[in-house]
Amino acid sequence: MSSATPTLNFNFRQSLLFASRLLAASVGAYCATAALSAFLVVALPLPTADATVLSTMLSFAVLCGLIIIAFGIKSLTVVWALMMGLYSFSLLGLEVGL
C-alpha cells in the first residue's frame, strides 16, 4: 500500500496579489466610502440631519458595491485606481466646499 503525501503549492506572487485585493476591498473601500459619505453631507441640498442620514444609508450600498468590484474586476490596477479616484474626488469636493 502506498501512501502519498500531499504537497503544498505556495505561490508567493499570487498571495501578494490576493493580499492587495483584500486590502483594497477592506481599507480602500472603507476610506473611499467614508470620504464619499462626508462629501454627500455637504453636497446634498437637505437639512444637515437629513443629509447625514441619507449619506449614511447610501454609504452602506456603496461599500458593498466597492467590495464586490474589488474582487470582480480582473485588473488590480483598475481596482486601486477606482478606490483612490473616488477617495480623491470626494476629498476634493469637500475641500472646494460644494
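The values are calculated or read from the model by the stated rules, or taken from the named source; none is laboratory data. These figures come from a predicted structure and were not determined experimentally. Don't worry about glycine lacking a Cβ; one is built from the backbone with ideal geometry, like all the others, and counts go over all protein chains shown.
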field: Which listed residue is β-branched (Val, Ile, Thr) and either more than 15 Å from the chain's Cα centre (by Cα) or surrounded by fewer than 14 Cβ atoms within 10 Å (Cβ to Cβ) (or both), from VAL53, VAL62, VAL79
entry: VAL53
message: Pairs needed: first member in region 62-80, under 12 Å from THR33 (Cβ atoms) and in contact (Cβ under 8 Å) with a residue 12 or more places away in the chain; second member anywhere, of a type in the set (Ser, Thr, Tyr) and part of a helix (DSSP H, G or I); C-beta distance under 6 Å; at least 6 residues apart or different chains.
response: VAL62/THR33; LEU63/THR33
query: In region 20-50, which residue that is polar (S, T, N, Q) and surrounded by fewer than 15 Cβ atoms within 10 Å (Cβ to Cβ) is farthest from LEU92 (Cα to Cα)?
result: SER26
query: Restricting attention to region 11-28, does a residue exist that is out of contact with any Phe, Trp or Tyr (no Cβ under 8 Å at 6 or more places or on another chain), within 16 Å of GLY85 (Cβ to Cβ) and assigned to a helix (DSSP H, G or I)?
result: yes
message: Quick check on THR52: is it in a helix (DSSP H, G or I) and not aromatic (Phe, Trp, Tyr)?
response: yes
- line: So, first residue under 26 Å from VAL62 (Cα atoms) in region 1-25, second residue among the small types (Gly, Ala, Ser) and at pLDDT 90 or above, Cβ within less than 8 Å, six or more apart or across chains; the pairs are ARG21/ALA70; ALA24/ALA70; ALA25/ALA70
query: On the given criteria, is LEU98 more than 24 Å from GLN14 (Cα to Cα), at pLDDT below 90, surrounded by fewer than 15 Cβ atoms within 10 Å (Cβ to Cβ) and not aromatic (Phe, Trp, Tyr)?
result: yes
